[in-house]
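Written out below as structure tokens is the structure these notes cover.
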Amino acid sequence: LPVATLTRVESSALGSFTVTLPLLALFVARALDGLTGGNVSVANAYLADITEESQRTANFGKMAVAGNLGFVLGPALAGLLGGTAWGETAPVVAALLISGVATLVIALKLPESLTCVLRADPELASTRKMLGQDHGKCFTVTSDERVTVWQALARKGVPTLAVMIFLTLLGFNFFYIAFPVYAMSALSWTVTQVGAFFAVLGLLMAVVQGPLLSWASARWRSGSLVLVGSVTLALSFALFSSSRWEFIYLGAALLAVGNGLMWPSVMSLVSVAAGERLQGAVQGAIGSVGGVASIVGLVVGGMMYERLQGQGFLLSALLIGAVVAMSFQQALASRWRASES
């Protein structure tokens, strides 16, 4: 697009900048991405529909592995394509083609998880019923009840999980907005070093959320995994305030372990709390909570970094510390219910 100037902004809150046509297109594109971001919630609901309860934590981990591998391979592929003769156009076209392939796979290969859904039992009379040869019902009856976001969040067990998810994502966004700036300004890392750090982090997360989580979920309850994961995650954020690369990479390893054990386990608990009928509504509400946490975390995190610099990572550790307290209570309640049953 031509770099045509549309308007000039002079604001004490936002600063001074020029709105150009490419910048406007970028904002519109990001808005469309946000409007269609609910596909993650739908995917989580779909996974819960087709997965046995005993396998949910492991399968949510596999979903996270796929996402982390995408975050590792995506920037690498973009870097390679950006160095070709087509320049910065190539990664955008590649993203378009990849999204198109994903859409075709969903349309042609992904079966409906809830088949033959009807709003009422048809109770159709037929001669087969008279002769005792009636076919079994191949439909699921559901109601026309509409569930609001607030009703979904008010479901038993969901409010506590929603607060835990909000605090976790708030801490993560404080980290993600501040760490690249901290690494380049305070640690004098290059762009390549920052990219290598996040690539290593993504690979570690994929390893933890794959074989390690499958092994752990077969031996411990989801509540216990959330507790262990949140403790490890809080410790990892504290290590990022160090100026030594050894401690920072140790923090990355602990972050991978903590997040890898905790996050899929939390999503498994959400799917259990949602029940069979409200998976989509509850997952969508949780997605909204995550969206709010991202907005607050990125804006407030940037403002906090101006004042706290690397010490701001301790704030992330404190937020996850609150999650530790809540997950400890969850684990105790889970054990109590198990002993009662």
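Determine, yes or no, whether A216 is open to solvent by less than 70 Å² (accessible area, probe 1.4 Å), in a helix (DSSP H, G or I) and in contact (Cβ under 8 Å) with a residue 60 or more places away in the chain.
Working: open to solvent by less than 70 Å² (accessible area, probe 1.4 Å): yes; in a helix (DSSP H, G or I): yes; in contact (Cβ under 8 Å) with a residue 60 or more places away in the chain: no.
No: the conditions fail for A216.
I want to confirm something. Restricting to region 6-21 and keeping residues that are surrounded by fewer than 10 Cβ atoms within 10 Å (Cβ to Cβ) and of a type outside the set (V, I, T), which single residue is modelled with the highest pLDDT?
Just the residues of region 6-21 that are surrounded by fewer than 10 Cβ atoms within 10 Å (Cβ to Cβ), to begin with: 7-8, 10-16.
Okay, now just the ones that are also of a type outside the set (V, I, T), so 8, 10-16.
On the way: R8: 88, E10: 83, S11: 77, S12: 74, A13: 67, L14: 67, G15: 71, S16: 80.
Out of the qualifying residues, it is R8.
What residue, of A58, A76, is part of a helix (DSSP H, G or I) and closer than 14 Å to M267 by Cβ?
Result: A58 is the single residue among A58, A76 that is part of a helix (DSSP H, G or I) and closer than 14 Å to M267 by Cβ.
Failed condition for Q329, given (1) assigned to a helix (DSSP H, G or I); (2) open to solvent by 50 Å² or more (accessible area, probe 1.4 Å); (3) at pLDDT 80 or above, with all others met?
All conditions pass for Q329, except number (3).
Among V40, V3, which is the only one that is of a type in the set (V, I, T), open to solvent by 80 Å² or more (accessible area, probe 1.4 Å) and in contact (Cβ under 8 Å) with a residue 24 or more places away in the chain? Break it down into steps so the answer makes sense when it comes.
Details: V3 fails: in contact (Cβ under 8 Å) with a residue 24 or more places away in the chain.
The conditions single out V40.
Taking region 1-55 on its own, how many of its residues are of a type outside the set (D, E), part of a helix (DSSP H, G or I) and over 26 Å from W215 (Cα atoms)? Even if it seems obvious, please write down each step before you answer.
From region 1-55, those of a type outside the set (D, E) are 1-9, 11-32, 34-48, 50-51, 54-55; that's our starting set.
Among the residues that remain, those that are also part of a helix (DSSP H, G or I) are: 21-32, 34-35, 39-48, 50, 54-55.
In the following step, the residues that additionally are over 26 Å from W215 (Cα atoms) were identified as 21-32, 34-35, 39, 42.
Matching residues across region 1-55 total 16.
What is the residue count in region 251-266 for residues that are open to solvent by less than 10 Å² (accessible area, probe 1.4 Å) and farther than 14 Å from K62 by Cβ? It would help to see each step written out before you state the result.
First, the residues of region 251-266 that are open to solvent by less than 10 Å² (accessible area, probe 1.4 Å): 251-252, 255-256, 258, 260, 262, 264-266.
With farther than 14 Å from K62 by Cβ added as a condition, the list becomes 251-252, 255-256, 258, 262, 266.
The qualifying residues number 7.
Does F237 meet the test of being aromatic (F, W, Y) and buried (at least 24 other Cβ atoms within 10 Å of the Cβ)? Reasoning before the result, please.
Working: aromatic (F, W, Y): yes; buried (at least 24 other Cβ atoms within 10 Å of the Cβ): yes.
For F237, the condition - aromatic (F, W, Y) and buried (at least 24 other Cβ atoms within 10 Å of the Cβ) - is met.
If you check S243 against the conditions, is it modelled with pLDDT of 85 or more, more than 30 Å from R277 (Cβ to Cβ), out of contact with any strand residue (DSSP E or B) (no Cβ under 9 Å at 6 or more places or on another chain) and not in a helix (DSSP H, G or I)?
Answer is no for this residue.
The values are calculated or read from the model by the stated rules, or taken from the named source; none is laboratory data. Just so it is clear, the structure is predicted and the values come from calculations on it, not from any experiment. Note: ideal-geometry Cβ built from the backbone for every residue, glycine included; neighbour counts use all protein chains shown. When the accessible area is computed, the model is the full protein with side chains, heavy atoms only, and any ligands, DNA or RNA have been set aside. Shrake-Rupley method; radii C 1.70, N 1.55, O 1.52, S 1.80 Å.
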